[in-house]
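The values are calculated or read from the model by the stated rules, or taken from the named source; none is laboratory data. A quick note: this is a predicted structure, and the numbers were derived from the prediction, not measured. Don't worry about glycine lacking a Cβ; one is built from the backbone with ideal geometry, like all the others, and counts go over all protein chains shown.
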Amino acid sequence: MERGADAERKGYRHSYDMLGEAARTMADADRYMASYGNAIDRLGAAGGKGDLFARASISVKLSALHPRYELAQRQRVLEELAPRLISLAERARERGVALTVDAEEADRLDLSLDLFNMAAAAPSLAGWDGLGLAVQAYQKRAIHVIAWLADLARRTNRRLPVRLVKGAYWDSEIKRSQEQGLPGYPVFTRKASTDLSYIVCARAMLDDPEAFYPQFATHNAQTLATILTLAGDERTDFEFQRLHGMGQALYERVVEQSGRGIACRIYAPVGSHEDLLA
Ligand SMILES: Cc1cc2nc3c(=O)[nH]c(=O)nc-3n(C[C@H](O)[C@H](O)[C@H](O)COP(=O)(O)OP(=O)(O)OC[C@H]3O[C@@H](n4cnc5c(N)ncnc54)[C@H](O)[C@@H]3O)c2cc1C
């Protein structure tokens, strides 16, 4: 947070993430859970000006919260992981810190949506606009996930911060599908299709400001410029996001022009869970 102060003076916001492997044991998951909780407390104590979306937020990987976060263990995961996610989100709500669930492998998408649905339906989180999800445009299901989220936002009477990413696991998704001899891939196989899917999802989110607070996470100048054009001059109620250490030159330009009112956030991995617990 101290190191982020310079960037914040320039107009950036942050979302913090803890570097760490997926939990292998319940003891790992307990440790990761504790360090996410500590981080939420620290972010909350630091406070910050402005509304919830303008403040520092936290990004959480569900694979860090349970050692068997996999479809084959669906019932167990719903019973054991959902309460963990909900309790972290309750803590985040109390401290005024938005929480985004990161997107992981394609075979976890259904399970992640079930868990997100349970959190969105939790009475303790009713109406809270801080519960967010990352959506991967390279998945063929992306636009349907956006439609499902729009419906969820309306059903649970909230605005969802949605981080639109292209997807980080392309090679392994392709490899896994080939190894298993599946009839198709869960992700697009041409880069142009992913780029198009990103724009289609972006447009759907921009066109539905009651359901979405759009968070466009990309380092691609053309994608970013397309979104600026789609949004036009009137729509500024969204933000761009970059990873710490990437996309600086591009984002300096956007931040410099923030007279237009467009916010930028840096997704910052901050050491390991172990460091945070120390
Ligand atoms: C703030 C932030 C948060 C992020 N959080 C997540 C997250 O939670 N989960 C996650 O998975 N990723 C996450 N990412 C990473 C993201 O998914 C992309 O991998 C990364 O941003 C590169 O995309 P780009 O638009 O910046 O660059 P580009 O160069 O425009 O796009 C590269 C992307 O295109 C896609 N691609 C490449 N080749 C092909 C092909 N042959 N066919 C189809 N698609 C292809 C892949 O998704 C690849 O990552 C995050 C990125 C940012 C900036």
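Say whether the condition of being small (Gly, Ala, Ser), under 16 Å from the mean Cα position of the chain (by Cα) and either assigned to a loop (DSSP other than H, G, I, E, B) or more than 30 Å from Ala122 (Cα to Cα) (or both) is met by at least one residue in segment 215-233. Scanning segment 215-233 turns up no residue that is small (Gly, Ala, Ser), under 16 Å from the mean Cα position of the chain (by Cα) and either assigned to a loop (DSSP other than H, G, I, E, B) or more than 30 Å from Ala122 (Cα to Cα) (or both).
Can we say Glu2 is closer than 21 Å to Met246 by Cα, without any contact (Cβ under 8 Å) to a residue 60 or more places away in the chain, out of contact with any strand residue (DSSP E or B) (no Cβ under 8 Å at 6 or more places or on another chain) and surrounded by fewer than 21 Cβ atoms within 10 Å (Cβ to Cβ)? Here the answer is yes, as Glu2 does meet what is asked. Restricting Leu196, Leu206, Leu228 to those that are more than 9 Å from the ligand (Cβ to nearest atom) and in contact with a Pro (Cβ under 7 Å, 6 or more places away or on another chain) reduces the list to Leu206. Total residues in segment 12-36 satisfying the condition of being surrounded by fewer than 16 Cβ atoms within 10 Å (Cβ to Cβ) and at pLDDT 85 or above: the figure is 6. Would you confirm whether any residue within segment 243-257 is touching a residue at least 60 places away in the same chain (Cβ under 8 Å) and within 18 Å of the chain's Cα centre (by Cα)? No. Scanning segment 244-278 for residues that are over 12 Å from Ala39 (Cα atoms), buried (at least 17 other Cβ atoms within 10 Å of the Cβ) and modelled with pLDDT under 60 yields a total of 0.
A search for C-beta distances below 7 Å between a residue of segment 58-74 that is over 14 Å from Ile86 (Cα atoms) and free of Cβ contacts under 8 Å to residues at least 24 places away in the same chain and any residue that is among the aliphatic types (A, V, I, L, M) and more than 15 Å from the ligand (Cβ to nearest atom), counting only pairs 6+ apart in sequence or on different chains, returns Arg68/Val77. Scanning segment 179-193 for residues that are surrounded by fewer than 18 Cβ atoms within 10 Å (Cβ to Cβ) and within 14 Å of the ligand (Cβ to nearest atom) returns Gly184, Tyr185, Thr189, Arg190, Lys191, Ala192, Ser193. When Gly132, Gly167 are checked against the criterion of being in contact with a strand residue (DSSP E or B) (Cβ under 8 Å, 6 or more places away or on another chain) and under 21 Å from Arg91 (Cα atoms), a single residue qualifies: Gly132. The residue pairs whose first member lies in segment 149-178 and is closer than 20 Å to Val200 by Cβ, whose second member is outside any helix (DSSP H, G or I) and polar (S, T, N, Q), and whose beta carbons are closer than 6 Å, counting only pairs six or more residues apart or on different chains, are Pro161/Gln215; Arg163/Thr100; Arg163/Gln215; Val165/Gln136; Gly167/Gln136.
Kindly check whether there is at least one residue in segment 16-23 that is in contact with an Asp or Glu (Cβ under 7 Å, 6 or more places away or on another chain) and either free of Cβ contacts under 8 Å to residues at least 60 places away in the same chain or away from the ligand (no atom under 16 Å from the Cβ) (or both). Steps first, please.
Going residue by residue through segment 16-23, those that are in contact with an Asp or Glu (Cβ under 7 Å, 6 or more places away or on another chain) are none.
The answer is no, given that none of the residues of segment 16-23 is in contact with an Asp or Glu (Cβ under 7 Å, 6 or more places away or on another chain) and either free of Cβ contacts under 8 Å to residues at least 60 places away in the same chain or away from the ligand (no atom under 16 Å from the Cβ) (or both).
Just so you know, in segment 158-173 the residues that are of a type in the set (D, E, K, R) and within 15 Å of the ligand (Cβ to nearest atom) include one that is surrounded by the fewest Cβ atoms within 10 Å (Cβ to Cβ), and it is Asp171.
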